[in-house]
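Trainee: Next up is a structure, given as structure tokens.
Values quoted throughout were computed directly from the atomic coordinates according to the rules given, and no laboratory measurement underlies them. Quantities reported herein were computed from a predicted structural model and do not represent experimental measurements. All Cβ positions, even for glycine, are placed from backbone atoms using ideal geometry, and neighbour counts span all protein chains on display.
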Amino acid sequence: MPPRTRIVIPRWIQLVGLPLLLLLAWAVAGAVRHAVFVFLVAALVALLLNPLVRRVEAVPRVRVPRGLAVAVVYLGFAAAVAIAVLGLATVLVDRTTATVDRIDAYVTVEDGRTGRTGAENDVDRLQGWLDGHGLERVQVEESVQRWLDQFGASDVSEWSQRALDVLEGAAISIATLLFSLVLVVVVSVYMLLDMPRLERAVDRRFPPTDGGSPLTARMERALSGYVLGQLAVSLIIGASAGLGMWVLGMTGLVPGAERYALVFGAFVAVTELIPYVGPWLGSIPPAVYALVVEPISFVWVALLFLAIHQIEGHIVIPNVMGTALRLHPLLVIFGLLAGAEVYGLAGALIALPVLAVCRALWEFFSDRIGLEPWRREDEDDAEDTLRQPPAAAAG
């Protein structure tokens, strides 16, 4: 077993060098933050895929070169993502088209007998319910009726043109995102190809002691645990939301919700990947659907997602993510806020994986790096002698 390497940082470096180094690192990272972000994401992807590459290399009776193993893993990963996105997009487009048609008919098509639209009838029922429960001062009929008249008088093509203008304005951002994704793939491929050499270099400089795991293995395990835990949480919450909407639709509490339960569940599962804000974003489409179909149904949807959020916060997150992240909640909140402040939503998305890797780094180096004490042992002994009573000092 090689001897443990312990680095002692002198006092003058603690006083001058470390603050200057932190300021320099912050200035450089701020100047080239996009490049730092791309390499950071690429490093996370490389650490996440490296165990899969090793498994492909270790296929029995077949000697798979490192480059071929990286290609196989990336092609499989890209195929899985493409199939998932294509399937989800197909369902979303189909259900979204049907929903748009239904909403358009709900607010524009008049009943032949009454000459009123479904939205106008629902507003009348809601106003009657408010009047019957002593809420006459709440007049929603006039304002909603005015909005419905404006919406019905508007040309649908005008709304479509506005949507196209928004999409055209976002074209540059999408192109930049695609370019950044290509850079992440290229950089992570180079990192995966050189990962064995990097692991050997790190193990030579900081060898594992007491039968512990190497540094790169610790980081891979921490990152994989977080990703698997987050995927499990997303699947559980998404399935719960989809099942809940299906039950509400079958029981008639939210009419027609059973037909869109799969879409609602998939959307909730995807938004669950966004920390803290995601659960609330996932509840918006079901709530809007309930308001459009039947306003009273909004109450049942609100109760459903309130129950899901309570189960998530008190049961799912502590049991699934507690062992995966192992960080104090205040540190998690600070990391999310710092990531969002530095790089927006993308920074918030990678904040928790970065914290998981930093946790593994801290656990590995906590007993290898020490700060030189600011008092020497002889000074401490002299001070202890002065503090002792005279009799004890004489003895």
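Trainee: Any idea how far apart Ala201 and Phe365 come out in nm if each label point goes 7 Å out from Cα toward Cβ?
Mentor: Rounded to a tenth, the inter-label distance reads 1.6 nm.
Trainee: For Leu331 paired with Leu231, estimate the spin-label separation in nm (one decimal), with each label point 7 Å from Cα along the Cα-to-Cβ line.
Mentor: 2.5 nm
Trainee: Next question, about the same structure. Given R₀ = 25 Å, what would the calculated FRET efficiency be for Leu345 paired with Leu24, taking r from the Cβ atoms and rounding to 0.05?
Mentor: It comes to 0.35.
Trainee: Right, here's the next one. What's the extension gain from Leu193 to Ile274 if we count 0.36 nm per residue and subtract their Cα-Cα distance?
Mentor: Numbers: separation 81, 0.36 × 81 = 29.16 nm, distance 3.06 nm.
Full extension of this stretch gives 26.1 nm more.
Trainee: Subtract the Cα-Cα distance of Ile317 and Ile284 from 0.36 nm times their separation in residues, and report this length gain in nm to one decimal.
Mentor: Extending this stretch completely gives an extra 9.7 nm.
Trainee: Give me the Kirkwood hydrodynamic radius of the range 235-324, using the inverse of the mean 1/r over all pairs of distinct Cα atoms, in Å to one decimal. Write down the numbers at each step before the final one.
Mentor: On the way: mean 1/r = 0.0773 Å⁻¹.
Here the Kirkwood hydrodynamic radius works out to 12.9 Å.
Trainee: I've got another one for you. If each of Arg63 and Ile296 carries a label point 7 Å out from its Cα toward its Cβ, how far apart are those two points in nm?
Mentor: 7.5 nm
Trainee: Once the Cβ-Cβ distance between Leu178 and Asp131 is put in as r, and R0 is 45 Å, what FRET efficiency do you end up with, to the nearest 0.05?
Mentor: Result of the calculation: an efficiency of 0.25.
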